[in-house]
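Beneath this line is the structure, given in structure tokens, with notes to follow.
The values are calculated or read from the model by the stated rules, or taken from the named source; none is laboratory data. On a predicted model such as this, the values are computed, not experimentally measured, just so you know. Ideal geometry is used to build each Cβ from the backbone, glycine not excepted, and the neighbour counts take in all protein chains shown. These area figures cover heavy atoms from the full protein model, side chains too; ligands, DNA and RNA do not enter into them. Shrake-Rupley method; radii C 1.70, N 1.55, O 1.52, S 1.80 Å.
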Amino acid sequence: MIRHPDILSGTVLAVAGAAVLSASLQIDVVQLDRGLDAAFFPALCGGVLAAIGAVIAIKGLFAARTRLPFVADGRVAAVAGLFLLYFFTFTLVDFRVGAWAMLLVSMLALGARGVKELVIVPVAVAACIYLLFRYGLQISVPEWI
Amino acid sequence: MDLISGADFWWAIEQLGSPMGLLLLALGVIAGMIFGAAPGVTATAGLAVIAPATFSMEFAPSMALLLGAYTGGYFAGSIPAILINTPGTPANAATAIDGYKMARNGHADQAVSMAVICSAIGGLISVVILATLAPNLAKVALKFTSVEYFSLAILGLVAVAAVSGASLWKGVAAALIGMILSTVGIDEVSATQRFTFDFVELLGGVPLIPALIGMFGITELLTKAHESRHVSTALPEQKPFVLRDLVPVYMRNKWITVKSALIGTVVGILPGIGPAIASWVSYGEAVRASKPGDRFGEGDEKGVIAAETANNAVTGGATVPLLTIGIPGDPVTAVLIGALLFQGIDPGPFFIRDNGEKFVFIFLALGLANVMMLFLGLGSRRLLRYIVRIPTYTLIPVVAILSAAGGYAVNATAFEVNMIIVIGIFGYLMLRFGYPMAPVVIGIVLGPIIEENLRNGLVANDMDPFVFFTRPISLGVLIAAVILVTFLLRRGRGIENPS
């Protein structure tokens, strides 16, 4: 069991920073007569991030024992899963259908139980947003028809 | 050399005075108020979601909508702060201290009315200062070299890292993450591809608006999904109130109002800091200067006046560094940078010189937005409380849908939409572990400025790294950064992320 969340986050940052530093050093740079090449700045940022991540992790080692922070319960996991599904299928589904389905399923997942609300709100809100984007703002959205 | 001419004023007045200009400004104020008042959605998230809607517009209507939302959003966060002790944005946390107590004492309508009026006064004073200061500062900024710009960008980055969370180390780490993200794409000097992973869509870099929507919109929605689904707005019986009762209130508190507006404007001018610090500094100053009989923390009107005047005064102040040196004054102006870049306009030292009419438009629009907010806010203050009652189970999916549609509006491809949710989930995890979002955003915006000016500064000075410490203005700015960080750390962190 990790004794402090900063140990975990700091370690992740240190590893990420080191990865950025390593990747930067492998960038196929054009050698310039003067000035800094394209790898310098990301390598600098990666190196400093790795160092700061290490500092955060070490501070966590000496801090009082603390539980890992709350990340997700059933509700948050359900919402995150719905978001992932909706966003990754956004361009594949007609916007009107997708927005209606997203609203209906999300409202159910988040605790809405009124029948009238579940029937009216998804249809009305999806229609309003579609009309706003499509005709009000002249912004195209995915459509089947 | 005068940077602004009479023709610039006429153009701006003609654009702003057109029916479409006025309508979009009003719609922006209303949209900002709705986003600001809705608990769980901040003004920054609102602007990030609204910004893609402006991509099909010309400069004037686009800016009218965004500046209206900017102005309305910062005020409207005071509504949930006063009614349910839940600040709509971190900038309204100080308002909640006395505002909620006023509501509990039966003076909710008075508190909300004061918040509107104070916000308008603060905003208008800051716009006047913007109009007089920015052109003069731009003339000075034209003489800056890459060395000075590098130091100013560092100042902005360090300042926002220091104030945005409970840990300076985590704030700096967040800023570095933003700067690393800013290196994605083609290097402008050598045309080398960096971290594109063969994605054609990344050749131009991480798109700013989708990144903002993910970092501010999605993270807040996921956070809100965990919180209570029911918002209790039950208040005791409210005492009758008419607006003219506020006249003596403002007469006896006029100096606090002016002082708070000046504090907000000055804090707004400092790059990267934002309204949360402004409202706390102003509130703290009001408490420090309190007299016997003042009841700060128990529903004292001075608490609401000090906090709300300062946080809206940031709007004009934060636009100063944006339009003179191209550095955002707060995370919201980072959104404005994205919108300006999409219009083909590069904010920075040449902005006022090359686009005088657009500068005049911006400060006139900000001023008029504050006037509209005053009338719309006072007229609709009894309706705004219903926004606070919007159920979370409706609000969350609606904002998610708007976010996805907004991301799609950038390029009509799935890439930006997918990026929003990936960045959003990553940002949510960062927030859970105590890493703030604001420095990431500022890092993305300032990263290219820092890199470009670091390279140019070194090339122009024979690769001498000490030039940043030997040139007096640069040294002064770096020392100011150290002093600012020390001052802010001593006053207490945890403004944006009190947990």
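Exposure check, 1.4 Å probe, all protein chains in place: A:Glu143 carries approximately 70 Å² of accessible surface.
The equivalent ellipsoid that matches the C-alpha gyration tensor of the protein assembly as shown spans semi-axes of 35, 30, 26 angstrom, in descending order. Let's test the formula: R0 of 56 Å, r as the Cβ-Cβ distance of B:Phe9 and A:Met1. What FRET efficiency results, to the nearest 0.05? With a Förster radius of 56 Å, E is 0.25.
With n ≥ 4 as the cut-off for DSSP H runs, can you work out [θ] at 222 nm for chain A, using -39500 (n - 2.57) per run divided by the number of residues, rounded to the nearest 500?
Result for chain A: -21500 deg cm²/dmol, rounded to the nearest 500.
Candidates B:Val184, A:Leu92, B:Val388 compared by Cα position along the dipole of the protein assembly as shown: farthest toward the positive end lies B:Val388, with charges placed on Cβ. The HN-Hα couplings worked out from phi for region B:299-315 by the Karplus form 6.51 cos²θ - 1.76 cosθ + 1.60 (θ = phi - 60°) are x, 7, 4, 4, x, 5, 4, 4, 5, 6, 5, 5, 6, 7, 5, 5, 4 Hz, whole numbers, x standing for Gly and Pro. The A and B chains share an interface that buries close to 5400 Å² of accessible area, total over both sides, probe 1.4 Å. Taking the protein heavy atoms of region B:1-145 in the context of the full set of protein chains, the accessible area attributed to carbon and sulfur is 68 percent at 1.4 Å.
For region A:77-145, state which chymotrypsin sites (Phe, Trp or Tyr not before Pro) are in a DSSP loop and have at most 12 other beta carbons lying within 10 Å of their beta carbon.
Details: sites: A:Phe83, A:Tyr86, A:Phe87, A:Phe88, A:Phe90, A:Phe95, A:Trp100, A:Tyr130, A:Phe133, A:Tyr135, A:Trp144; in loops: A:Phe90, A:Trp144.
Those satisfying the criteria are A:Trp144.
Looking only at other chains, what is the average number of their beta-carbon atoms within 10 angstrom of each beta-carbon in A:71-80?
5
Once all protein chains are placed together, B:Ser279 keeps about 0 Å² accessible to a 1.4 angstrom probe.
Other protein chain C-beta atoms within 10 Å of residue C-beta, averaged over A:87-95: 5. Hydrodynamic analysis of region A:64-145 uses the Kirkwood radius over alpha carbon pairs. Inserted into Stokes-Einstein at 4 °C and 1.567 mPa s, it gives a translational diffusion coefficient of 90 µm²/s. For region B:1-55, what class follows from the C-alpha gyration tensor (a ≥ b ≥ c being the square roots of its eigenvalues): rounded when a/c is under 1.5, otherwise prolate if a/b is larger than b/c, else oblate? Verdict is prolate for region B:1-55.
Applying the criteria of a DSSP loop state and at most 16 other Cβ atoms within 10 Å to the trypsin sites (Lys or Arg not before Pro) of region B:78-186 yields B:Lys143. Region B:421-438 to region B:68-135: how many Å between their Cα centroids? Using only Cα atoms, the two centres lie 27 Å from each other. Per residue, region B:389-499 exposes an accessible area of 40 Å² to a 1.4 Å probe, with every protein chain left in place. Taking the charge dipole of the protein assembly as shown about its Cα centre, with +1 at Lys and Arg Cβ atoms and -1 at Asp and Glu Cβ atoms, the residue from B:Thr319, B:Leu454, B:Ser126 reaching farthest to the positive side is B:Ser126.
For region B:233-275, a/c is not less than 1.5, where a ≥ b ≥ c are the root eigenvalues of the C-alpha gyration tensor, and a/b does not top b/c. That puts it in the oblate class. Counting only Cβ charges, +1 for Lys and Arg and -1 for Asp and Glu, the dipole size of region B:216-330 around its Cα centre is about 280 debye. The alpha carbon gyration tensor of region B:111-242 gives principal lengths a ≥ b ≥ c with a/c of 1.5 or higher and a/b no greater than b/c, which makes the shape oblate. Report summary: the helix-based calculation at 222 nm, which adds -39500 (n - 2.57) for every DSSP H run with n ≥ 4 and divides by the residues of chain B, gives -23500 deg cm²/dmol. For A:Lys59, the accessible area of its heavy atoms, probed at 1.4 Å with every protein chain present, is near 110 square angstrom.
Each Lys and Arg contributes +1 and each Asp and Glu -1, all at the Cβ; summed about the Cα centre of region B:290-331, the dipole is approximately 120 debye.
Taking all protein chains into account, the per residue accessible area for region B:1-129 stands at 28 Å² (1.4 Å probe). Ordering B:Tyr283, B:Ile444, B:Ile425 by Cα displacement along the dipole of the protein assembly as shown toward the positive end leaves B:Tyr283 in first place; charges were set at the Cβ atoms of Lys, Arg (+1) and Asp, Glu (-1). Measuring heavy-atom accessible area with a 1.4 angstrom probe and counting protein chains only, the residues of region B:383-409 that give up at least 20 Å² relative to the chain alone are B:Tyr393, B:Thr394, B:Ile396, B:Pro397, B:Val398, B:Ala400, B:Ile401, B:Leu402, B:Ala404, B:Ala405, B:Tyr408, B:Ala409.
For the protein assembly as shown, the tally of Lys pairs with Cα-Cα distances below 13 Å comes to 5, considering only residues 8 or more apart or on different chains.
Assuming charge only on the beta carbon of Lys and Arg (+1) and of Asp and Glu (-1), the dipole of the protein assembly as shown about its Cα centre is about 2240 debye to the nearest 20. Using the alpha carbons alone, the radius of gyration of region B:31-71 stands to its Kirkwood radius in an Rg to Rh ratio of 0.99.
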